[in-house]
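For reference, the structure is listed below as structure tokens.
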Amino acid sequence: MRMNSQDNFQNLTVLRASDWKDYTLLDSGNGRKLERFGDRTLIRPEAEAIWQPLLPAREWAKAQAEFVPSAEENGGHWVSPKKNILDWTLGYKYLKFKCQLSNSKQVGVFPEQSCQWDWVRAQIAAAKRPVRVLNLFGYTGAISMAAAKSGAQVTHLDASRKAIQWAKENRTLNQLSESSIRWMVDDGLKFVQREIRRDSFYEGIIMDPPKFGRGPKGEVWEFYRGFPDLLRAAINLLSADARFLLVTAYAIKASSITLDNAMREGMRGRGGKITSGEVCLVDQSGNRTLSMAIFSRWQREGIEGTQ
């Protein structure tokens with residue numbers, strides 16, 4: 001059988017974060033990125049940035065702190081010309097976030113995900129009725145805040161108590177009621193399986209599984225081993241009139257085609273629309289796009305939403 005090699009994946013989508021006022025990707029290159037978070041300018045490692053920087057070295061030298069990686073995977077430390085860079089608040093449209101220099105290179109918010117926050121918000125608004133949303137591997141809860149701000153009843157799950165506490169501070173910043181978000185410190189797959197047994201279904205599910213991690217009781221998570229079972233379980237947890245399923249993956253050796261294949265297999269027979277691709281940042285020059293993660297998302301037909 002002869003196939004047109006351009007047909008199957010010609011519609012893979014590149015999502016570019018926009019509408020930011022408090023964040024700018026200033027430059028990237030030589031395995032690093034120069035970013036402005038509010039009034040803080042930071043340098044963080046970025047393996048995808050294999051090109052040369054556009055800005056001169058003197059602009060990079062103005063950064064207030066840099067995360068210097070170590071030989072150990074995910075290890076490293078912040079080097080700061082200023083001794084104390086305290087917590088600060090970042091704003092995006094209808095959302096606020098607490099930022100700080102964490103023990104990893106993260107600061108508590110992933111700016112490239114803003115397009116997904118807007119998309120989830122649109123899916124919830126289009127339902128025009130109460131919606132239950134589950135956010136697995138929720139970290140500090142940016143997308144949980146977006147969903148709750150849209151009127152959804154959110155269950156936010158993470159294995160880290162520290163991340164949950166950070167997310168609770170974001171809930172307070174966003175003036176959300178205590179009842180708007182249910183907090184769970186748990187293993188993602190075990191929780192989903194229990195919810196299935198309890199017939200506790202959701203209209204929207206969000207997941208951002210890491211490459212590797214451990215649950216609160218030492219459960220080992222490895223993406224390629226655990227993700228297929230988790231995706232199947234999450235699909236079974238969707239209600240009969242579910243609105244959306246969103247998967248994002250960072251730091252794995254896979255393409256968006258991998259997620260697209262898995263999503264299409266799992267959602268076969270359910271109808272709706274599947275979109276897969278990459279989540280990106282565009283630097284201030286507008287000439288360079290930096291890929292940050294791959295994604296795949298399913299939505300019920302008729303819900304357009306924001307890219």
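The values are calculated or read from the model by the stated rules, or taken from the named source; none is laboratory data. All of these numbers come straight from a predicted model, not from anything done at the bench. Counting neighbours? That spans all protein chains shown, and the Cβs are built from the backbone with ideal geometry, glycine included. What goes into the accessible areas is simple: the full protein's heavy atoms, side chains included, and nothing from ligands, DNA or RNA. Shrake-Rupley method; radii C 1.70, N 1.55, O 1.52, S 1.80 Å.
Let me know the shape class of the stretch 98-229, please: from the alpha-carbon gyration tensor, a ≥ b ≥ c as square roots of the eigenvalues, rounded when a/c is under 1.5, otherwise prolate if a/b is greater than b/c, or oblate. Here the stretch 98-229 falls in the oblate category. Between 0 and 90 degrees, the angle of helix 256-266 with respect to the longest Cα principal axis of the chain falls at about 20 degrees. Of all DSSP-defined beta bridges confined to the chain, some 60% are antiparallel rather than parallel. Rounded if a/c is under 1.5, else prolate if a/b is larger than b/c, else oblate: which is the chain, with a ≥ b ≥ c the root eigenvalues of its Cα gyration tensor? Prolate, since a/c reaches 1.5 and a/b exceeds b/c.
In whole percent, and with a 1.4 Å probe on the protein chains, what portion of the accessible area of the chain is carbon and sulfur? Within the chain, the accessible surface is 48 percent carbon and sulfur. Across the stretch 79-189, C-alpha contacts under 8 Å between residues 6 or more apart give a mean separation that, scaled by the residue count, equals a relative contact order of 23 percent. A simple count of charges around ARG171, restricted to other residues whose Cβ falls under 13 Å of its Cβ and scoring Lys, Arg +1 and Asp, Glu -1, yields +3.
Take the chain with all the other protein chains still there, run a 1.4 Å probe, and you get 50 Å² of accessible area per residue. Computed over the chain, relative contact order equals 17 percent, with contacts defined as Cα pairs under 8 Å that lie 6+ residues apart. Within a straight-line Cα-Cα reach of under 12 Å, LYS96 can be paired with the following aspartates and glutamates, leaving aside sequence neighbours fewer than 8 residues apart in one chain: ASP22, GLU169.
Highest mean packing first, where packing is the average number of other Cβ atoms within 10 Å per residue, the peptides 141-148, 32-39, 47-54 line up as 141-148, 32-39, 47-54. Shape verdict for the stretch 163-307, please, from the Cα gyration tensor: rounded (a/c under 1.5), prolate (a/b greater than b/c) or oblate. Taking the square roots of the gyration eigenvalues as a ≥ b ≥ c, the stretch 163-307 is rounded.
Counting only alpha carbon atoms, the long axis of helix 223-236 and the longest principal axis of the chain meet at about 40°. Taking the longest Cα principal axis of the chain as reference, the axis of helix 161-173 is set at about 90 degrees.
Could you sort 157-166, 262-271 so that the peptide with the highest average Cβ count within 10 Å comes first and the rest follow in order?
157-166, 262-271
With the simple spin-label model, which puts each label point 7 Å out from Cα in the Cβ direction, the ARG264 to ARG232 separation comes to 2.0 nm.
Between LYS21 and SER285, what is the FRET efficiency for a Förster distance of 22 Å, r being their Cβ-Cβ separation, to the nearest 0.05? E(calc), rounded to 0.05, equals 0.80.
Modelled label positions at ARG58 and GLU222, each set 7 Å beyond Cα in the direction of Cβ, lie 5.1 nm from each other.
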